[in-house]
Amino acid sequence: MDKKSAKASSNDLTQMPLTHLQGVGPALEKKLAGLNIYHPLDLLFHLPFRYQDRTHITSIAALQVGSDVVIEGHILGTAIVFGRRRSLLVKIRDQSGIANLRFFHFSAAQKNSLAEGKRIRCYGEVKWGRSGIELFHPEYKIIDEQDRFSSTKTLTPIYPSTDGLQQNRLRNIIEQALILLRQGANLIDYLPSKLNQEFGTNNLKDALLYIHQPPKNAQLEKLEAGLHPAQQRLAFEELLAHYLCLRRLRENAQQDKAPSLSADSELILVLIQNLPFSLTSAQQKVFADVSKDLATNKPMLRLVQGDVGSGKTIIAILAALQTVGNGYQVAVMAPTEILAEQHFLNFSELLESLNVEIAFLSGKIKGKTRSETLALIGNGQAQIVIGTHALFQDEVQFKRLGLMVIDEQHRFGVHQRLALREKGQSHGASPHQLIMTATPIPRTLMMSAYADLDCSIIGELPPGRSPVNTVLIAESRRSQVIERIQDACSRGRQAYWVCTLIEESEMLQCQAAEVTFANLQQQLKNIDVGLIHGRMKPKEKSEIMHQFKSGNIKLLIATTVIEVGVDVPNASLMIIENPERLGLAQLHQLRGRVGRGSEKSHCLLLYQTPLSELGKQRLEIMRSSNDGFYIAQKDMEIRGPGEVLGTRQTGLMEHKIANLSRDSHLLDNIKIWGENLREHHPGNIDPLIDRWLSVNQQYGNV
Ligand code: ADP
Ligand code: MG
């Protein structure tokens, strides 16, 4: 059958409207759309998250609270009872005893149908209610005396559902799709049979049928944990589709032309001569990768990973100089205003003698300054432009953009990554892209969520750094902490005090910082205390940072705005309040603000008691390690990658079946099989991507 006639056939589960199924009208169709179900095929991929064993009848005397059961008996009577909530109570009896069914929502007709003497079969969870053993809102069926219990041979699936869509209704619709599948509806398996063998599954069809209707001897625990081979095979297929999609995007991006920027730039030589330090060999190696990419006429797509303090900024500066040296412009984008300003200062300082024009642009730059800056960007006079997201607004037009640097990538997701690529295009040419992150991305995740990027790692810190000594201190010992600050400052050192809050609200965070600021000012009268937070004006912020850098401020109270990039080597003490509220990666970032000078540095984690078991575990990881990679790995084990990288940035957030914390072991093989498909089954790639990524997104059309 050619493709066209396959589409037309009623056999095609991706073409048939849902309303072709019995009992599905426009209203239900809409509800199903809320579950991302648009065609019968989507029903097949809507998988149970739990199962009930309805394969046998339990006698009432043997009921156990908390178990899901089938019971069968005669109705003794019904009554409406008025407790805290009105409910309908139905008393039933079998040979062994008496139990009650309780309904909080019911109609008169329903009550009448439950007449005394009728035989009833119900399914539900056993609870302990006011009348003893009860089944709340069981599914039930009135049956006649001859009706023998035979029906279910398989476990009964429980599906994720939505308001007003009852399990049995949803189950009934999915069953219809399963029947179509059994009757030979078109469902192509795009995975090689060898891969199916590895999972011990025959093919996609069998895997789906098994998951929806497992036999009663199936291993329920495995199924409910999502670890049955049939489920793992599907998760694998989904991860593979995401990988292939990212590879495709990469290929597309690389079809574009980029300016070839030759490496022999006078500017670079001068800068390296002027640097107060020499590059570590890791930095040299990474810049060599970058420099080589820039010299080709394909757009660079490179991620540079390096722990906090490993010296990523200098890589960006070198890449910028190679670009500028070839007559192209550079955009450097940072996730926060404060970090953008820091970069602006760093770049300006290091490039001072080189006569390179650097501009700054953020949302807060307004009026005349803004229009002047925009003009400089537009006519190409601004050679390096540093800023926030504001750089990618429509009104910003570069004359000849050759390189985009995105710092601290963990704040940007794959969508933004792609949007930027597009935005940077002009005259049919794409700029090179350099992405820098301090959140180490495990190798396995690299192969899926970041498969569109090349990667270089700065695996070493500049010499002379001593690891930060981290201690956990309970809030009740706050006075000791104050003493530590006194002591450090009297020895000419500086300190950070970081305030955190659970609420995302920036305003509350700032308020908390203000209160702490006032208190500490009181308690530390002989010390110059400063305050910085996100709601201050950019000018105030840079003034405070300047004061802190120059040593006029000894203790800086801050919100997590200082999380990334801020660099004051003389600061050797950091106090983090309520560290239990932050992710480990974020704590590590914060802590990275100290330990930048030669002095031994300390980080005090001032936690609230009582600390949960998990909280203890996590802070203990912080205490015992300074290795960002190890910490991220542990954090991921505890919380899952989505949480750690922030769901937005994994680029893999909208999984139907795969779960990155549960299934990360699958990622190891994704690349191998992905490349296998690209080589041996290229025709399967598009439909596979379509199957898994078609509904809400996707990457392609950002
Ligand atoms: P991060 O990787 O966290 O962005 P930075 O680029 O901010 O790190 O560098 C941290 C500090 O280390 C800065 O003060 C920078 O000047 C310094 N630095 C960078 N490279 C070296 C080096 N090779 N030797 C000594 N100091 C360095
Ligand atoms: Mg940095």
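The values are calculated or read from the model by the stated rules, or taken from the named source; none is laboratory data. This one's a predicted model, so the numbers in the text were calculated from it and none came from an experiment. Neighbour counts are summed over all protein chains in view; Cβ atoms, including those assigned to glycine, are modelled from backbone coordinates with ideal geometry. The area values use the complete protein model at the heavy-atom level, side chains included, leaving out ligands, DNA and RNA. Shrake-Rupley method; radii C 1.70, N 1.55, O 1.52, S 1.80 Å.
Restricting attention to the range 312-351, the residues being more than 15 Å from ligand 2 (Cβ to nearest atom), of a type in the set (Val, Ile, Thr) and either modelled with pLDDT under 90 or open to solvent by less than 10 Å² (accessible area, probe 1.4 Å) (or both) number 2. Taking the criterion of being more than 18 Å from Gly492 (Cα to Cα), within 16 Å of ligand 1 (Cβ to nearest atom), of a type in the set (Gly, Ala, Ser) and buried (at least 21 other Cβ atoms within 10 Å of the Cβ), would at least one residue in the range 579-602 satisfy it? Yes, that holds for at least one residue. Looking across the range 104-119, the residues that are open to solvent by 50 Å² or more (accessible area, probe 1.4 Å) and in a loop (DSSP other than H, G, I, E, B) come down to Phe104, His105, Ser107, Glu116, Lys118.
Restricting attention to the range 362-388 and to residues that are open to solvent by less than 30 Å² (accessible area, probe 1.4 Å) and within 22 Å of Ile315 (Cβ to Cβ), the residue that is farthest from ligand 2 (Cβ to nearest atom) turns out to be Ala382. Identify all residues within the range 356-384 that are in contact with an Asp or Glu (Cβ under 7 Å, 6 or more places away or on another chain), assigned to a loop (DSSP other than H, G, I, E, B) and not hydroxyl-bearing (Ser, Thr, Tyr); write none if there are none. Within the range 356-384, Lys364, Gln381, Ala382, Gln383 meet the criteria.
Mind checking which residues of the range 284-301 are open to solvent by 10 Å² or more (accessible area, probe 1.4 Å) and either in contact with a Cys (Cβ under 7 Å, 6 or more places away or on another chain) or within 13 Å of ligand 1 (Cβ to nearest atom) (or both)?
First, pick out the residues of the range 284-301 that are open to solvent by 10 Å² or more (accessible area, probe 1.4 Å): 284-285, 287-289, 291-293, 295-298.
Within the range 284-301, Gln284, Lys285, Phe287 meet the criteria.
The set of residues in the range 263-282 being part of a loop (DSSP other than H, G, I, E, B), out of contact with any helix residue (DSSP H, G or I) (no Cβ under 9 Å at 6 or more places or on another chain) and either open to solvent by less than 20 Å² (accessible area, probe 1.4 Å) or away from ligand 1 (no atom under 16 Å from the Cβ) (or both) consists of Thr280 alone. Could you tell me whether the range 256-268 includes any residue that is in contact (Cβ under 8 Å) with a residue 60 or more places away in the chain and either under 28 Å from the mean Cα position of the chain (by Cα) or under 21 Å from Leu18 (Cα atoms) (or both)? No.
Mind checking which residues of the range 305-336 are assigned to a strand (DSSP E or B) and near ligand 1 (Cβ under 10 Å from one of its atoms)? Explain how you work it out, then say what you get.
Here is the first cut: in the range 305-336, the residues assigned to a strand (DSSP E or B) are 305-306, 329-333.
Within the range 305-336, Gln305, Gly306 meet the criteria.
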